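The values are calculated or read from the model by the stated rules, or taken from the named source; none is laboratory data. From a predicted model like this one, the values you see are computed outputs, not experimental measurements. Methodologically, a virtual Cβ is constructed for each residue, glycine included, from the backbone with ideal geometry; neighbour enumeration extends over all protein chains shown. When the accessible area is computed, the model is the full protein with side chains, heavy atoms only, and any ligands, DNA or RNA have been set aside. Shrake-Rupley method; radii C 1.70, N 1.55, O 1.52, S 1.80 Å.
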Amino acid sequence: MLDYMRETLELMQENLTRTILTLIGLVVGVAAIISIQVAAAGMAAAVNGAFRGININTFFLFPKSTQGSTQRANLGLSDLTLLERNVPGVETAIPFGQTRTIVSAGHQHVMLKFGGESYRRFSTAPVVAGHAISRTDVEQATPVCVLSSKAFSRLFPHAADPSTVLGQSVYVGPKRYVIVGVLGPATLSTASLGFDINNDVVIPYTTFYNDYQRGRPLFGIQVLGSRDATLATLEANSKRVLSQAHGGSIYQTFDFGFFTKQIDGFFGVVGTIVSAVGAISLLVAGIGIMNILFVSVSERTREIGIRRAIGASRATILIQFFVEAFVLAFSGSLVGMLAGLGIGELAQQLFIARISGTIAALPWMHAILLATLFATVVTLVFGTLPALRAASVDPIEALRYE
Amino acid sequence: MNDIAIDLQQIFKTYKSGSIEVQALRGVTLRIERGEYVAIMGPSGSGKSTLMNVIGCLDRPTSGNYHLDGIDLSALDDRALAKIRLEKLGFIFQGFNLLPRTDALKNVSLPLFYAKVSPRERRERARAALAEVGLADRGHHKPSELSGGQQQRVAIARALINNPAVLLADEPTGNLDSTTSEEILALFESLHRAGRTIVVVTHDEEVAERADRVVRLRDGLVLSDTPTARGHFSGGSIVPQEATPQS
Ligand SMILES: Nc1ncnc2c1ncn2[C@@H]1O[C@H](COP(=O)(O)OP(=O)(O)OP(=O)(O)O)[C@@H](O)[C@H]1O
Ligand SMILES: [Mg+2]
């Protein structure tokens, strides 16, 4: 087998230009497929990473958007309790509400995202000083707040340590909130995907309701499910419970699956196009390889005859041509694979690393297996006919002297 | 052990091309003993090459029995026949038929490659075989860098490397001038003295004279089978055969 390979390599060297031209198609095809694989793997890792900033078992419930639907749906604080009590797996539900507003501390006035939070936290950012919003804070609607690391650094640019700001106050308009805790940075956040569900300054959602939402129906509800609950079930049950309470099923839900699906969908389309291009160049490449093998068979008819006369069986000739096809296909696949990994890596460095701050491990093993698989498939699909023709060469015809 | 190297009984070979049938061999019966040096002669189209192809297991007879070195070949499949060619037969052709892009050493060692001999042993044996035909210093020359006579000697070295029972040569000197032919014939003679069985197809009476025995074909039949002057000397026990009329 090794001898056949060595011989093939020698033949490839002798016909270097033709070999290279033949293999370009294969290289392009494999490179296209491999690079999109790497990029897609990186993107998937980035998307998953982004959602680690918030508890992934979160969904949002809104009245269906028809005119006056907010009024008709008439969601209120009692609905939060309703969901928490009557839908198994709901940990907590709070009014959906996020505003961009000027928050002041001393001489600093900063535009920040401001909203409510429960004692069961939606955010996964660690508490680095003080404590998070407590159950008592929620129950008594106390005027306290917790700062994100961003809010802390913007509002207190000179503070050495987050713990030094505990007990100090921030103002939103005339309202004053005492700082009880400071959060560290979330490892990753959806901000990198263009939206951020986490607020910079949070106060108990009851306080938020009292100060900003009282007297109006809720715009929507943000629900946190328990770790082992299935979102789809939670969402269905929540809609059912609310529909029973208010009459009429006019509620809709969204979760991060929606976003991930969008992104997956986009990559699905891009992936399909690139794979199609890859597949076409693979087909062209395969036909090229078949051609080079056919040429090789007819150029070497006499040689095949000699080999047969000397003692090579049909099977041996068949194997020899298969080995030749495989060596051709594998060298093309290998180069294509390396190029694909390089392009994929580059794409990650340029685009994906910016989003996620990380680079997915390159699927080397995957790629090598894939290259071998490509080579095998190409060999079997495009090498069989030439190999059979080589094996069927009649030694007497081939050796007849002219 | 059997003393008969080649035993052909009533060999027929019919070629069909469309509706036309060509009877290239029409009942050839021929025995060649071990160590014999036989020349096959006959006019063009008389079936010499066809007979050689049958003897060389490159072609199967349409009917008839063929034993090579005591083995009945009619029952063997392609793989087994390839093995016979590899182990029992050495071919020498008018056109030399060396691999053009491959140097002399590799050409000579090719049969050992198919015999699954290790690369190192292949090299050593090929070197020895080249030395035997007087080309020790031409191992790395490609066929195009060798003269006709030298190419034919490489081919002979290749034919001999597996130590075959029978050496088959179809017009081995057909492409060579008289001096080079003489070299090749001298080589055959020394091989014959060393005990090789040799079958040579030739148009040249002088070449045939060097053998022990001359078989003449006409229209696919053995016309005559006679010892040469040399054959009488060496005392080959040959029964001359009459041409068998066809049924
Ligand atoms: N493959 C074939 N198909 C059809 N007819 C064939 C084939 N091979 C040989 N023949 C015919 O068989 C007969 C014997 O041919 P063969 O080649 O054995 O002759 P030969 O004695 O070797 O002639 P030469 O001295 O010209 O080489 C010829 O009539 C030839 O035309
Ligand atoms: Mg002939």
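Summary of values
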{"item": "Test: residue in region B:127-134 that is farther than 27 Å from B:Ala39 by Cα and away from chain A (no Cβ under 11 Å)", "result": "yes"}
{"item": "Residues satisfying the stated conditions in region B:36-67, i.e. over 13 Å from the mean Cα position of the chain (by Cα) and more than 16 Å from ligand 2 (Cβ to nearest atom)", "result": "B:Arg60, B:Pro61, B:Thr62, B:Ser63, B:Gly64, B:Asn65, B:Tyr66, B:His67"}
{"item": "Residue identified as of a type outside the set (S, T, N, Q), modelled with pLDDT under 80, closer than 30 Å to B:Tyr15 by Cα and out of contact with any helix residue (DSSP H, G or I) (no Cβ under 6 Å at 6 or more places or on another chain) among A:Arg307, A:Arg300, A:Arg400, A:Arg354", "result": "A:Arg400"}
{"item": "Residue in region B:163-179 that is in contact with an Asp or Glu (Cβ under 9 Å, 6 or more places away or on another chain), of a type in the set (D, E, K, R) and within 23 Å of B:Leu51 (Cα to Cα) present", "result": "yes"}
{"item": "Region B:100-112, residues that are surrounded by 20 or more Cβ atoms within 10 Å (Cβ to Cβ) and facing another protein chain (nearest Cβ under 7 Å)", "result": "B:Leu110, B:Pro111"}
{"item": "All strands (runs of 3 or more DSSP E) inside region B:1-112 with 2 or more residues being within 12 Å of ligand 1 (Cβ to nearest atom)", "result": "B:4-17, B:20-33, B:37-41"}
{"item": "Hits in region A:377-392 (condition: of a type outside the set (Ser, Thr, Tyr) and away from every other protein chain (no Cβ under 12 Å))", "result": "A:Val377, A:Val378, A:Leu380, A:Val381, A:Phe382, A:Gly383, A:Leu385, A:Pro386, A:Ala387, A:Leu388, A:Arg389, A:Ala390"}
{"item": "Pairs where the first residue, in region A:88-99, is more than 12 Å from A:Val241 (Cβ to Cβ) and the second is basic (Lys, Arg) and surrounded by 19 or more Cβ atoms within 10 Å (Cβ to Cβ), C-beta under 8 Å, 6+ apart", "result": "A:Gln98/A:Lys113; A:Thr99/A:Lys113"}
{"item": "Options A:Val146, A:Val128: the member that is of a type outside the set (Phe, Trp, Tyr) and open to solvent by less than 10 Å² (accessible area, probe 1.4 Å)", "result": "A:Val146"}
{"item": "Single condition B:Lys13 does not satisfy, out of (1) within 16 Å of ligand 2 (Cβ to nearest atom); (2) closer than 20 Å to B:Ala208 by Cβ", "result": "(2)"}
{"item": "Close pairs from region B:49-71: first within 14 Å of chain A (Cβ to nearest Cβ), partner part of a loop (DSSP other than H, G, I, E, B) and of a type outside the set (A, V, I, L, M), Cβ under 6 Å, at least 6 apart", "result": "B:Asn53/B:Asp59; B:Val54/B:Pro61"}
{"item": "Hits in region B:79-95 (condition: more than 8 Å from chain A (Cβ to nearest Cβ) and either small (Gly, Ala, Ser) or open to solvent by 20 Å² or more (accessible area, probe 1.4 Å) (or both))", "result": "B:Ala80, B:Lys88, B:Gly90"}
{"item": "Every residue from region B:178-219 that is within 18 Å of the chain's Cα centre (by Cα), surrounded by 15 or more Cβ atoms within 10 Å (Cβ to Cβ) and within 16 Å of ligand 2 (Cβ to nearest atom)", "result": "B:Val199, B:Val200, B:Val201, B:Thr202, B:Asp204, B:Val207, B:Ala208, B:Val215, B:Arg216, B:Leu217"}
{"item": "Helices (runs of 4 or more DSSP H) wholly inside region A:205-318 that include at least 3 residues being within 30 Å of B:Leu110 (Cα to Cα)", "result": "A:256-299, A:301-310"}
{"item": "Any hit, region B:89-111, residues being within 17 Å of B:Leu221 (Cβ to Cβ) and within 16 Å of ligand 2 (Cβ to nearest atom)", "result": "no"}
{"item": "Residue in region A:206-229 that is modelled with pLDDT under 85, open to solvent by 40 Å² or more (accessible area, probe 1.4 Å), polar (S, T, N, Q) and farther than 13 Å from A:Gly115 by Cα present", "result": "no"}
{"item": "Test for A:Glu139: is it under 30 Å from A:His246 (Cα atoms), of a type in the set (Asp, Glu), surrounded by fewer than 16 Cβ atoms within 10 Å (Cβ to Cβ) and not assigned by TED's automatic domain parsing to the domain that holds A:Ser238", "result": "yes"}
